[in-house]
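Please read the structure below before turning to the comments.
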Amino acid sequence: IEQTNVINDYENQSIEDEELMGDNDEHYRGTKRRMLSRKQREEANRRERHRMEIINQAYEDLRNVLPCK
């Protein structure tokens, strides 16, 4: 009997977890993404390219410092 109760509790918890996750899905489905103007998007792209250039340069500098195999 105890074993059956444990199994039932586990199954009930799984159902509750799925219901909670479903609520989150519905919440996110209703939200809208912020639309950026063309100028804002171009500026964001410029910043991202600059960020990637900095990261790539840092990796290049690191490769020049580390010994080769």
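The values are calculated or read from the model by the stated rules, or taken from the named source; none is laboratory data. Keep in mind the model is a prediction, meaning the values are calculated, not measured. These accessible areas exclude ligands, DNA and RNA; they are computed on the full protein's heavy atoms, side chains included. Shrake-Rupley method; radii C 1.70, N 1.55, O 1.52, S 1.80 Å.
Which shape class applies to segment 27-69: rounded if a/c is under 1.5, otherwise prolate when a/b exceeds b/c and oblate if not, where a ≥ b ≥ c are the square roots of the Cα gyration tensor eigenvalues? Please report the intermediate quantities before stating the final value.
Working: a/c = 8.43, a/b = 2.35, b/c = 3.58.
Judged from the Cα gyration tensor, segment 27-69 comes out oblate (a/c at least 1.5, b/c at or above a/b).
Could you rank Asp61, Asp9 by how accessible they are, 1.4 Å probe, largest area first?
Listed by decreasing accessible area, they come as Asp9, Asp61.
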